[in-house]
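Q: Provided herewith is a single structure, encoded as structure tokens, for subsequent inquiry.
The values are calculated or read from the model by the stated rules, or taken from the named source; none is laboratory data. Because the structure is a prediction, the values reported are computed rather than measured. No Cβ is skipped: glycine too gets one built from the backbone with ideal geometry, and neighbour counts run over all protein chains shown. The protein model used for the area step is the full one, side chains on, heavy atoms only, and it has no ligands, DNA or RNA in it. Shrake-Rupley method; radii C 1.70, N 1.55, O 1.52, S 1.80 Å.
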Amino acid sequence: MMKKDIFIFGIETSCDETAAAVIKNGTDIIANVVSSQIESHKRFGGVVPEIASRHHVEQIIAVFEETLERAGLTFQDMDAIAVTKGPGLVGALLVGVNAAKAIAFAHDLPLIGVHHIAGHIYANRLVQEMSFPLMSLVVSGGHTELVYMKEHGSFEVIGETRDDAAGEAYDKVARTLSLPYPGGPHIDRLAAEGQDTYSLPRIRLEEGSYDFSFSGLKSAVINTVHNAEQRGEEINPENLAASFQASVVDVLTEKTVRAAKEYDVKQVLLAGGVAANKGLRASLENAFGEIENIDIMIPPISLCTDNAAMIAAAGTILFEQGKRDGLDMNGHPGLDIEEF
Amino acid sequence: MKILAIDTSTYTLSIGLSDGDVILAEQVTNVKKNHSIRVMPAIEALMSEVDMKPGDLNKIVVANGPGSYTGVRIGVTIAKTLAWTLHIPITAVSGLASLAASAPLIEGLVCPMFDARRGQVFTGLYRLSNGLLKSVKEDQNVPVVDWCQELLKIGEPVLFVGQESIMHEQVIAEIMGSAAAFAGKSVPYTRPAALLSLASGMEQDPSQVVPNYARLAEAEANWLKANEKKEKSDE
Ligand SMILES: [Zn+2]
């Protein structure tokens with residue numbers, strides 16, 4: 001008998017994107033709709049939680065409608081509703097979570113709460129099948145983590161940032177260089193035009209650690225700018241961006257390569273919004289290109305930033321494993337990936 | 001015609017179900033607990049109690065604020081998603097109007113009130129006449145002192161309703177004297193039946209239903225203030 005196809009409707013509202021998607025069998029994108037709020041947060045220089053929540057409740061039905069329309073399906077065709085239950089901004093999460101509950105109740109469908117970072121990792125499965133064990137480098141505005149997976153649905157954090165996330169450091173350095181929000185793409189663009197001339201530190205922490213620290217690097221950039229100002233010298237923004245990026249990318253690449261070898265993984269996945277960074281993509285592709293037996297997978301940029309396709313993809317695995325949430329599911333701003 | 005009513009705009013959780021002219025079920029809990037966890041299970045339990053399935057519903061009525069931002073959003077999100085996915089109409093009504101409609105059948109002015117902290121209230125003015133509710137002054141976020149002085153000018157007695165008006169009773173009485181009457185604990189919160197009674201109001205496209213916060217987000221207000229200053233200094 002042929003195995004029945006599994007259709008999962010995914011919802012993501014953990015930060016400033018209102019998103020929904022339909023995924024078939026955890027691997028095929030049937031529809032993927034993202035409504036970004038970035039324009040309305042720009043004037044504040046960052047995401048304002050209350051304003052993000054307000055936009056989600058305004059946009060959510062239009063996003064759902066477009067998703068079903070593009071998929072050419074209805075909720076009768078779905079096997080479950082998957083939604084980001086954390087981590088993220090609590091007010092923003094609650095819009096997606098409560099909408100998901102209403103749909104699940106109305107159509108008597110299973111409800112599955114998904115960890116946002118698990119979603120980012122599973123974005124890779126929309127491109128190519130995952131093979132275990134694998135190591136995932138998760139880099140975003142809120143996260144910098146090395147996550148080891150021995151099988152589907154199993155997540156072990158072997159290293160994480162002790163202070164700023166990589167994405168946060170990018171935004172702060174961008175502000176120092178008077179670049180507009182969000183700063184990451186601007187730094188990446190400038191870095192491509194400059195040279196690593198400022199010899200900024202590589203912060204590797206103690207021997208053997210897989211943890212990260214970016215606040216010292218961020219301070220080094222601020223001090224460089226400050227000292228130049230005091231001496232009346234001009235900063236070369238391209239070179240400073242290139243130097244900063246080189247430091248971040250060196251450390252991320254070195255730790256990822258070491259972790260991949262030590263844990264003897266078959267695959268390395270890049271996940272999270274900073275995975276859109278061209279410098280990081282190139283460096284990882286380079287490093288793993290020279291290592292036999294370890295594949296590097298980097299999803300296309302549209303799947304690196306927040307979306308609901310990745311939530312539905314991760315939700316499919318949970319669905320197959322029989323994991324379910326009740327109508328009393330809550331949003332969890334600090335949800336732990338090892339325990340969700 | 002089977003209607004589901006939802007109000008989570010304050011910490012009171014009010015749900016009601018009606019069938020035609022009959023109020024089938026009302027549930028109110030008046031405790032400071034997490035709406036996000038409780039609303040859907042409460043709706044599910046109440047509907048199952050009266051043997052109603054989601055597909056039986058013909059309409060949703062929801063209180064869309066003002067009130068607690070998060071509370072309002074939870075109620076509105078659930079209501080508009082249900083209405084949209086069940087292909088049934090939705091009517092959004094003011095949570096203050098539904099509180100005013102919970103007042104006893106009097107003829108005259110009713111002032112529902114939610115506390116908004118720092119001497120401010122969410123309030124509006126309504127006239128009850130022949131059991132019908134009419135808006136006299138629109139819902140707003142205002143210092144309670146300013147509001148009372150405005151009401152005093154009307155020269156008519158006003159009945160204050162809602163449990164959160166109790167904490168302002170002294171200030172109100174000082175300004176309005178005998179023009180103010182207090183329902184206090186006898187009309188503490190929105191009765192689901194009162195919200196259901198307002199369900200004949202204007203029907204909206206579920207995707208267009210949004211909360212009425214009656215107040216800008218703090219970041220937005222600060223931004224506007226800063227830009228006003230900038231414009232003035234640029235002149
Ligand atoms: Zn993300």
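Q: Of B:Ala181, B:Ala103, B:Leu133, which is farthest along the charge dipole of segment B:96-182 in the positive direction, counting Lys and Arg as +1 and Asp and Glu as -1 at C-beta?
A: So the residue furthest toward the plus end is B:Leu133.
Q: At each listed q (0.06, 0.10, 0.13 Å⁻¹), what is the log10 of I(q)/I(0) that the Debye formula gives for chain A modelled as equal alpha-carbon point scatterers?
A: Once normalised to I(0) and log-transformed, intensities are -0.22, -0.59, -0.96.
Q: Under 17 Å from the 7 Å Cα→Cβ point of A:Glu129, by amide nitrogen: which residues of segment A:262-286?
A: Of the residues in segment A:262-286, A:266-268 have backbone N under 17 Å from the label point off A:Glu129.
Q: For segment A:131-298, what does the relative contact order come out to in percent, with C-alpha contacts under 8 Å and a separation of six or more?
A: Once divided by the residue count of segment A:131-298, the mean separation gives 28 percent.
Q: Here's a follow-up. Show me, bin by bin at 10 Å from 0, the whole-percent P(r) of segment B:96-182 based on Cα pairs.
A: Here the calculated profile for segment B:96-182 is 19, 58, 22, 1.
Q: In nm, to one decimal, how far is the modelled label at A:Ser302 from the one at B:Glu107, with both set 7 Å along Cα→Cβ?
A: For the pair A:Ser302/B:Glu107, the computed spacing is 6.6 nm.
Q: With viscosity set to 0.890 mPa s at 25 °C, what whole-number translational diffusion coefficient in µm²/s follows for segment A:253-340 from Stokes-Einstein and a Kirkwood radius over Cα pairs?
A: Translational diffusion coefficient: 159 µm²/s.
Q: Compare the Cα positions of A:Pro133, A:Gly232, A:Phe319 along the charge dipole of chain A (+1 at Cβ of Lys, Arg; -1 at Cβ of Asp, Glu; about the Cα centre) and return the one farthest towards the positive end.
A: A:Phe319
Q: Then there's this: List, in the order given, every pair from B:Lys80/B:Lys137; A:Lys42/A:Lys323; A:Lys4/B:Lys59; A:Lys24/A:Lys255; A:Lys323/B:Lys33; B:Lys80/B:Lys229 whose Cα-Cα distance in the structure shown is over 32 Å.
A: Exceeds cut-off: A:Lys42/A:Lys323; A:Lys4/B:Lys59; A:Lys24/A:Lys255; B:Lys80/B:Lys229.
Q: Grab the beta carbon distance between A:Glu229 and B:Glu231, set R0 = 25 Å, and tell me the FRET efficiency rounded to 0.05.
A: 0.25
Q: Can you give the mean number of other chain Cβ atoms that lie within 10 Å of the Cβ atoms in peptide B:147-160?
A: The shielding value for this peptide is 0.
Q: Still on this structure: Could you name every residue in segment B:201-215 that has 10 Å² or more less accessible surface in the full protein assembly than in its own chain alone (probe 1.4 Å, ligands and nucleic acids excluded)?
A: B:Ser207, B:Val210, B:Pro211, B:Tyr213
Q: Accessible area per residue of segment B:120-199 at 1.4 Å probe, in Å²?
A: Result: 48 Å² of accessible area for each residue.
Q: Chains A and B: buried accessible surface, both sides, probe 1.4 Å, rounded to 100 Å²?
A: For A against B, buried area totals roughly 2800 Å².
Q: Over chain B, what lengths in whole Å, largest first, do the semi-axes of the equivalent ellipsoid take, defined as the square roots of 5 times the eigenvalues of the alpha-carbon gyration tensor?
A: Semi-axes from the Cα gyration tensor: 31, 24, 15 Å.
Q: Can you give the average number of partner chain beta-carbon atoms within 10 Å of each beta-carbon in peptide A:58-69, as a whole number?
A: 3
Q: In debye to the nearest 20, how big a dipole does chain A give about its Cα centre with +1 on each Lys and Arg Cβ and -1 on each Asp and Glu Cβ?
A: 220 debye
Q: Using unit Cβ charges (K, R positive; D, E negative) and no other charged atoms, how large, in debye to the nearest 20, is the dipole of chain B about its Cα centre?
A: 340 debye
Q: Follow-up question, since we're still on this one. For segment A:63-169, which chymotrypsin sites (Phe, Trp or Tyr not before Pro) pass both filters: DSSP loop (anything but H, G, I, E, B) and at most 13 other C-beta atoms within 10 Å?
A: Nothing satisfies the criteria.
Q: How far apart, in nanometres, would the label points at A:Lys278 and B:Glu138 be if each is projected 7 angstrom from Cα along the Cα-to-Cβ direction?
A: For A:Lys278 paired with B:Glu138, the spin-label model returns 4.9 nm.
Q: Taking each pair of distinct Cα atoms in segment A:131-298 once, what is the resulting Kirkwood hydrodynamic radius in Å?
A: After inverting the mean inverse Cα-Cα distance, the result is 16.2 Å.
Q: Same structure again: Could you state the per residue volume, in Å³, of the convex hull enclosing the Cα atoms of the protein assembly as shown?
A: Convex hull volume per residue, Cα atoms: 183 Å³.
Q: Projecting each Cα onto the charge dipole of the protein assembly as shown (Lys/Arg +1, Asp/Glu -1 at the beta carbon, about the Cα centre), which of A:Gly119, A:Asn98, A:Pro182 comes out farthest on the positive side?
A: A:Asn98
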